[in-house]
Amino acid sequence: MKAFYIPMGLLALILGFSLWTGRYVEQRTDHWNELLEETGQLARQEEWDRAAERLETAYADWSASQTFFRVIMDHSDLDEAEGLFAGAMALCREEEDADFHAFLAQLTSQLRLLADTQSVSVKNVL
């Protein structure tokens, strides 16, 4: 019976870590998407300096999570988000309204995809 406890304990630990990781990623991406929504609103109001500050805040927060995210996620998905952040920042500096909002929409979608890939769901399990 003791031989049963160690494997079950390890499985429970892995399951707990997986559930925590999914929730953590969801919370972080929700936070970044809120910041990006605020950024978009500021850009629509032609407050480009404040929009750039908000975008830089979102990027700094994003960057702070990269060490852990690179351990648990596919790097190509993270690289895609990184490229979208860079493009959005460049367009924000240039005050390119239409293209900027398109990049923000793509970035928001990419962040949702990251959260979706880490969530516990039937499509991720199977």
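Here region 1-72 is assigned +1 on the Cβ of each Lys and Arg and -1 on the Cβ of each Asp and Glu. Its dipole about the Cα centre then comes out at about 720 debye. Helix 75-94 axis versus longest C-alpha principal axis of the chain: approximately 20°, rounded to the nearest ten.
Just the protein heavy atoms count here, and of the accessible area of the chain at 1.4 Å, carbon and sulfur take up 57 percent.
Using the Cβ atoms and a cut-off under 9 Å, what net charge is assigned to the surroundings of L113, where Lys and Arg are +1 and Asp and Glu are -1? In short, -2.
Surface analysis of the chain yields an accessible area of 62 Å² per residue, using protein heavy atoms and a 1.4 Å probe.
Taking the chain as a Gaussian network of alpha-carbon nodes connected by springs under 10 Å, the highest mean-square fluctuation of the residues Q45, Q106, Q27 belongs to Q45. Under the Kirkwood approximation for Rh and a Cα-based Rg, what ratio Rg/Rh is obtained for the chain? Expressed as Rg/Rh, it is 1.13. Helical content of the chain, expressed as a calculated mean residue ellipticity at 222 nm, amounts to -30500 deg cm²/dmol (DSSP H runs of 4 or more residues, -39,500 (n - 2.57) each, divided by residue number, nearest 500). With the charge dipole of region 11-126 set up from +1 on Lys and Arg Cβ and -1 on Asp and Glu Cβ about the Cα centre, the Cα lying farthest toward the positive end among the listed residues F69, A90, F17 is that of F17. Using Cβ point charges alone (K and R +1, D and E -1), the dipole size of the chain about the Cα centre works out to roughly 1100 debye.
The values are calculated or read from the model by the stated rules, or taken from the named source; none is laboratory data. Computed from a prediction, not measured in an experiment: that's the story for all the values here. As a convention, Cβ positions derive from the backbone with ideal geometry for all residues, glycine included, and neighbour counts pool all protein chains shown. For the accessible areas, the whole protein counts, side chains as well, though only heavy atoms, and no ligand, DNA or RNA atoms are used. Shrake-Rupley method; radii C 1.70, N 1.55, O 1.52, S 1.80 Å.
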